[in-house]
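See below for the structure under consideration.
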């Protein structure tokens, strides 16, 4: 996360392009002044900042199409942005590019109660969809922790998950149709109101494509019936292995909880201090297990899960007494980031996925790395699906701290890949993990990604430099490992 | 048959075909030959490349080589109380994992549990250049790179030869119960959708010959109280239609006339098309046995927001999948080229132009 210095903008070029765009966009929808561009200079990965050439804020699909036609013709790269809450720098602007904000696309177009779907514009906040569906006892299931602010368009671009995705799936499992503006300005309908569509599964390809394949201008999401009842169990354990084995047991016994989260001792203390959730602060790990469904189903599951937690050695099992207490127990987990922020001037939230059974080993290695780098780490873990969020605490003002954190982070991601996992569970690759892609994928695999990308965007104008590294980039970076004397990418020159 | 890894041999065959631009038709158990357009190509037999390579019940993931019989995977999962949640049809004794995922077919549970592609976590494949590549992995939360694994699902062997697939699995339900009702098709569609909007443990809903059948799956108390709430007539376990529906053995689904697969928004009222119709997927799938003009079928279905596939009984050389708009067709051609630049993998299996 070495903070990028703002590469200089070509103000003359910006002016020319702005005139071109103002032929069909209102003047105030085309921003060229530095003060007006500042709000767009970074997303949730604030260590990377870059002013774009200019920013546009269209409010119709036709305007988006025209922006893409102009940019294609002029060879200007485009970075799309929803709410700018992303954590991997996916919406980081390019000095020579247009920042295309979908913020004005903020209307819920239609809620079809009978069909259980909602047609929404990409700038609509994730939580706003559930709020609008609430009168019908329906909701939109994927609930990333940033849901109060993040946009559904961004959720699609990142294939966002959330606390309940073990049971209810990721974004890709919860959408039906996208309207996408291609790099040439074509408007494509991908998917449909039916459960599948003809041809290749482009809905799956677009989801998680991080703004590289097209600009999303409309999303049709599935809505689900609200479960009638939800109960939360909190279990404390004296060691991480026991907590991990309890998770495995619950799953192996055939129960899929609505939510299943783990926090280590550091995270427990930090979040408890921060918001008084009432966590057992001496526990090595706690599990939060949420069970939802009908009253009868939940009562049965609560009894079974309680038994399993106890048989795995939980030192304490508490059931939230009512919905308010359930929300309070969750509030602690959801407050992991601000809690970290309270303990330390800076923190770096990591995101990786590992097979669940590897958790004790990964946490032990992380502990060793933490001591080696002298940087504290707190861990929150989507235990149900192996998605790990280590939060590394540091002080950016300390010389060399940022480089150290970066290196520590890269070692953690290498570890994820080493145990059979992946470098990004849900935050995307963006700019942040682009180098990790070189560890996770071979050269021909990266080349295949590039070939797929070119099928959508031959000239590489959509979010270039994000998500999938070039082979040359992989060869450049220092951290490549040479296994058994065999150099990776042997046909690329080295200097 | 024992497990066997034919990666090297298969890779060599594909590379040789690439060198000579020789069309190949990947084949597992040949159980779904009727699907798609006829392809003139040399068979690439994948049936010998088989074996479950990894199965961790507590991780909810199974990985198997593409030639592994589907039945073998299902039996292995059942022994641990688990299942493939998308309830795939076999259509033949030799159905394999590779063919199942390449065809991307899902059974009656699909609208409630998810489709084949929802459960694909990763693949190893041979692309049209003969390169052996791996995408995805064995974990659900994985957003590194484009979702090539899910793109492969339903791509009918036109983008790559599948070598291995990793799939998420789920526990089998504790109990299941099937209820039957006397309904008109319109009533069935309306009620299936009403019920799907309520927190009921539905796992299948179909309608044929004047009767609706609804399956409830879950815990004993949950299924019990839902069944009491919905009413209808309990169908004894040996009479439930689900396997026969899935395998298309039900009377209205076989016979001489062409069989159409119509994928429509679930709330679509009964379609104005002649022929016998079975409603599946809670309304979202309509199977139609009819010799009505294909153009008429496509236009009625498109007007409802869905798409039509001539599933069985097409004339040789005819298009069987719903036509794609020009810009989307061009994109498909470019994607095809990206994986199979010389067009050697099942050319024309989906569309004449791809």
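What follows draws every value from the coordinates through simple rules; no lab data is involved. Just so you know, these numbers come straight off a predicted model, no measurement behind them. Note: ideal-geometry Cβ built from the backbone for every residue, glycine included; neighbour counts use all protein chains shown.
So if the hydrodynamic radius of the protein assembly as shown is defined as the Kirkwood radius over C-alpha pairs, what does Stokes-Einstein give as its diffusion coefficient at 37 °C and 0.692 mPa s, in µm² per second?
Calculated translational D: 118 µm²/s.
Could I have the simple spin-label model distance between residue A:106 and residue B:180, label points 7 Å from Cα toward Cβ, reported in nm to one decimal?
5.6 nm
Starting with the fewest neighbours, write out B:43, A:76 ranked by other beta-carbon atoms found within 10 Å of each beta-carbon.
Working: B:43 11, A:76 19.
In order of increasing Cβ crowding within 10 Å: B:43, A:76.
Can you give the extra length, in nm with one decimal, that the chain gains between residue A:281 and residue A:315 once fully stretched, where that is 0.36 nm per residue apart less the Cα-Cα distance?
Separation in residues times 0.36 nm, less the Cα-Cα distance, equals 11.0 nm.
Once you order the gyration tensor axes a ≥ b ≥ c over the Cα atoms, which shape class does region A:108-225 get: rounded for a/c under 1.5, otherwise prolate or oblate by comparing a/b with b/c?
Prolate is the answer for region A:108-225, as a/c is 1.5 or above and a/b outweighs b/c.
Tell me the relative contact order for chain A as a rounded percent, counting alpha carbon contacts under 8 Å between residues six or more apart.
Relative contact order for chain A comes out at 13 percent.
Would you kindly state how much longer the chain becomes between residue A:134 and residue A:304 on full extension, computed as 0.36 nm times their sequence separation minus their alpha carbon distance, in nm to one decimal?
In short, 58.1 nm is gained.
Over what distance in Å are the Cα centres of region A:292-345 and region B:272-347 separated?
That distance is 47 Å.
Specify whether the C-alpha gyration tensor of region B:96-161 places it in the rounded, prolate or oblate class, a ≥ b ≥ c being the square roots of the eigenvalues: rounded for a/c under 1.5, otherwise prolate if a/b is larger than b/c and oblate if not.
oblate
As an exercise, use a Förster radius of 45 Å and the Cβ-Cβ distance of residue B:209 and residue B:327 to find the FRET efficiency, rounded to the nearest 0.05.
Here the calculated transfer efficiency is 0.60.
Given the rule -39500 (n - 2.57) for each run of at least 4 DSSP H residues, summed and divided by the residues of chain B, what is its mean residue ellipticity at 222 nm, to the nearest 500 deg cm²/dmol?
Result for chain B: -7500 deg cm²/dmol, rounded to the nearest 500.
Counting partner chain Cβ atoms within 10 Å of every residue's Cβ in B:228-235, what's the average?
Across the residues of B:228-235, the mean count of other-chain Cβ atoms within 10 Å is 0.
Under 1.5 on a/c is rounded, so check that first for chain B, then, if it is not, pick prolate when a/b is larger than b/c and oblate when it is not; a ≥ b ≥ c are the square roots of the alpha carbon gyration tensor eigenvalues.
Oblate, since a/c reaches 1.5 and b/c is not below a/b.
Compute the distance in nm between two label points, each set 7 Å from the Cα along the Cα-to-Cβ direction, one at residue B:337 and one at residue B:220.
Spacing of the two 7 Å Cα→Cβ label points: 6.2 nm.
How big, on average over all directions, is the shadow cast by the Cα convex hull of chain A, in nm²?
Details: hull surface 98.0 nm².
With every direction weighted equally, the projected area is 24.5 nm².
Helix-only estimate, please: 222 nm mean residue ellipticity of chain A, summing -39500 (n - 2.57) across DSSP H runs of length 4 or more and dividing by its residues, to the nearest 500.
Theoretical 222 nm ellipticity from helices: -10000 deg cm²/dmol.
Antiparallel versus total DSSP beta bridges in the protein assembly as shown: what percent is that, nearest 5?
90 percent
When each pair of different Cα atoms in region B:175-312 is counted once in the 1/r mean, what is the Kirkwood radius in angstroms, to one decimal?
Across region B:175-312, the inverse of the average 1/r is 15.4 Å.
Within a 10 angstrom radius of each residue's Cβ in B:261-270, how many Cβ atoms of other chains show up on average? Whole number is fine.
4
Which order do peptides A:413-426, A:201-214, A:313-326 fall in by mean Cβ count within 10 Å, highest first?
Result, highest mean first: A:201-214, A:413-426, A:313-326.
Pairs of Cα atoms under 8 Å, at least six residues apart: use those to get the relative contact order of region A:344-418, whole percent.
43 percent
If the chain between residue A:472 and residue A:364 were fully stretched, how many nm would it gain, using 0.36 nm times the residue separation less the Cα-Cα distance?
35.4 nm
Return the whole-Å distance between the Cα centroid of region B:196-224 and the Cα centroid of region B:255-269.
Cα centroid of region B:196-224 versus Cα centroid of region B:255-269: 21 Å apart.
Top mean-square fluctuation among B:118, B:293, B:315, Gaussian network model of chain B, C-alpha springs under 10 Å?
Answer for the Gaussian network model of chain B: B:293.
For residue A:403 and residue A:371, what does the FRET efficiency come to when R0 = 22 Å and r is the distance between their Cβ atoms, rounded to the nearest 0.05? Provide the component values of the computation, followed by the final result.
Numbers: r = 18 Å, r/R0 = 0.82.
Plugging the Cβ-Cβ distance into 1/(1 + (r/R0)^6) gives 0.75.
Pairing the Cα long axis of helix B:7-20 with the longest principal axis of chain B, what angle in degrees results, from 0 to 90 and rounded to the nearest 10?
It is inclined by approximately 70 degrees.
Between region A:78-132 and region A:181-231, what's the alpha-carbon centroid distance in Å?
Between the Cα centre of region A:78-132 and that of region A:181-231, the gap is 12 Å.
Taking 45 Å as R0, compute the FRET efficiency from the Cβ-Cβ separation of residue A:148 and residue A:27 and round it to 0.05.
The pair residue A:148/residue A:27 has a calculated efficiency of 0.90.
From Cα coordinates alone, what are the radius of gyration and Dmax values for region A:11-101 in angstrom?
Calculated on Cα positions, Rg and Dmax stand at 12.2, 35 Å.
Could you tell me how many degrees, from 0 to 90 and to the nearest 10, lie between the Cα long axis of helix B:185-196 and the main elongation axis, the longest principal axis, of the Cα atoms of chain B?
Taking the Cα atoms of chain B, the angle to B:185-196 is about 80 degrees.
What ranking do A:38, A:404 get, fewest neighbouring Cβ atoms within 10 angstrom at the top?
A:38, A:404
Under a point spin-label approximation (7 Å from Cα along Cα-to-Cβ), what is the residue B:22-residue A:69 distance to one decimal in nm?
4.9 nm
List B:213, B:55 from most exposed to least, where exposure is judged by having the fewest other Cβ atoms within 10 Å.
Arranged by neighbour count, lowest to highest, B:213, B:55 become B:55, B:213.
Quick one: compute the contact order of region B:175-312, relative version, from alpha carbon pairs under 8 angstrom and 6+ residues apart, as a percent.
About 26 percent, as a whole number.
Compute the helix-to-body angle for A:11-21: its Cα long axis versus the longest principal axis of chain A, expressed 0 to 90° and rounded to tens.
Helix A:11-21 sits at roughly 90 degrees to that axis.
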